[in-house]
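Here, each number is a calculation from the coordinates, and none is a lab measurement. Note that this is a predicted model, so its numbers are computed, not measured. So basically every Cβ, Gly included, is an ideal-geometry build from the backbone, and we count neighbours across all protein chains shown.
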DNA sequence: ATATGCATCTCGCAG
DNA sequence: CTGCGAGGTGCATAT
């Protein structure tokens, strides 16, 4: 038993918050879920704090979350209406767009062949050619971790099976690259490039001024 | 402007919730952060809804979150006190502990060499030996997905470079294994084992009774 | 409905 | 403090 905040949203989710852990609840049930009040809660131990209500929230896979309520300090309900939504900036998609405009920022002489070049196991962020005409596959992340290196490795493996392309170089580009990811990349002959987002955006702005 | 829930926690975090997205806020600032009310909010557009207050939340890296408040429908504050905390059951650590006690549940004749056996790129969950004396590396997940297979593959690659160990088998153990992960594992010669947590715990309880 | 990839992920642990 | 792995991750998108 503890004083906690229970948040029931219109989407059907239920969250139980303590006064810490940032935005993450102690426990929760994601929608879709159904909500029921179990009748006549019986206290197992007479010494325990009395339970005045018992809620059961049932999730889609049959998981249940039971909430035993002792005392209610505050209970309010509000209709929030339709939300106008939220727009974000600076995510991976923007990095990809900027680098597609300025591939030479990754390696001098690099030119873009296409964005989201398809392979059987998913699209490569950028496919480029270097000054010598060789193909270069680029994987872009906001934060470069091992997963990204694995992803690029799989793409390279498939691209290199394509006789039309010939040898394919790999470039792993991110605003920040974790040491372990860097080690793994180098071990696999993949070049790491850390990106300065603001500088790149500046480059883009300068470009616009020229035309 | 929209009707939203603003949650300010004792840990200093601020979250802004819409009436959907399960427990995730539309926007937030994680602790540690400081909270200030900017004075005299000026409305840029006379037609816009009036802003009666303007909050600025500043994060550790200098990020700021500004909250413009029009009308307050409800405002309440509660002292939640110290939280007794939350104990979880059935997470990967428990699975690992149980399997370390009962490695033969993975494959008959298997015995434990050590838990968290170190490699240059991280620890292998379990290192075991089979009846024939050969080494077996075990990766344990609650939910087996492709990432886990990749992880085990990396460990195996490194362990197999160690001449002291000789050939090393791989076992991928999880309560639930996704079809694609299973296909990838089999393609790489890795054995998949789905674990019945309750049965394993029963095995453990039975063991305790013997001593 | 399911698989894949991103995220201001958050959180806990261990060096 | 930092890095890294786990999470009932959540969430959007493409298939």
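The table for this structure:
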item	result
Evaluated at q = 0.10 Å⁻¹: base-10 log I(q)/I(0), Debye formula over Cα of the protein assembly as shown	-1.03
Taking the range B:1-125 and dividing mean pair separation by its residue count, relative contact order in percent (alpha carbons under 8 Å, at least six apart)	13
Distance in nm between pseudo-label sites at residue B:178 and residue B:37 (7 Å out along the Cβ direction from Cα)	4.8
Inter-label distance, nm, simple model (7 Å from Cα along the C-beta direction), residue B:205/residue B:26	4.8
Rounded to 5, percent antiparallel among DSSP beta bridges of chain B	70
Partner chain coverage, peptide B:9-21 - average Cβ within 10 angstrom	6
Axis proximity, chain A to B: residue whose C-beta lies nearest, plus whole-Å distance	A:150, 2
Tilt relative to chain A, helix A:146-159 - C-alpha long axis, 0 to 90 degrees, to 10	50
Distances in nm from residue A:1 to the matching label points in the other copies, shortest first (labels 7 Å along Cα to Cβ)	4.5
The range A:169-209 - Rg and Dmax from Cα coordinates, angstrom	13.3, 41
Choice from B:187, B:169, B:19 showing the highest fluctuation, given a GNM over chain B with Cα pairs closer than 10 Å	B:19
Inter-copy separations for residue B:115, label at 7 Å along Cα-Cβ, nm, ascending	4.8
Over chain B, relative contact order from alpha-carbon pairs under 8 Å, at least 6 apart, %	11
Beta bridges by DSSP in the range B:70-184, antiparallel share as percent, to the nearest 5	55
The protein assembly as shown: antiparallel DSSP beta bridges as a percent of all, rounded to 5	70
Largest-first principal axis extents of the Cα set of the range B:69-211 (Å)	71, 44, 29
Residue-averaged 222 nm ellipticity for the protein assembly as shown, from DSSP H runs of 4+ at -39500 (n - 2.57), nearest 500	-7000 deg cm²/dmol
With eigenvalues of the C-alpha gyration tensor scaled by 5 and rooted, the range B:49-149, Å	52, 18, 12
Averaged over A:68-78, number of beta-carbon atoms from partner chains that fall within 10 Å	2
Projected label distance in nm at residue B:101 and residue B:56, using a 7 Å step from Cα toward the beta-carbon	5.6
Fluctuation leader among B:78, B:102, B:117 - chain B, Gaussian network, Cα springs under 10 angstrom	B:78
Efficiency of FRET from Cβ geometry, residue B:11 and residue B:157, R₀ 45 Å, rounded to 0.05	0.60
Packing-based exposure ordering (other Cβ within 10 Å, fewest first) of B:149, A:8	A:8, B:149
Ascending list, in nanometres, of distances separating the residue A:201 label from those of the other copies (7 Å, Cα toward Cβ)	4.9
In degrees, nearest ten, helix A:92-101 long axis to first principal axis of chain A (Cα)	10
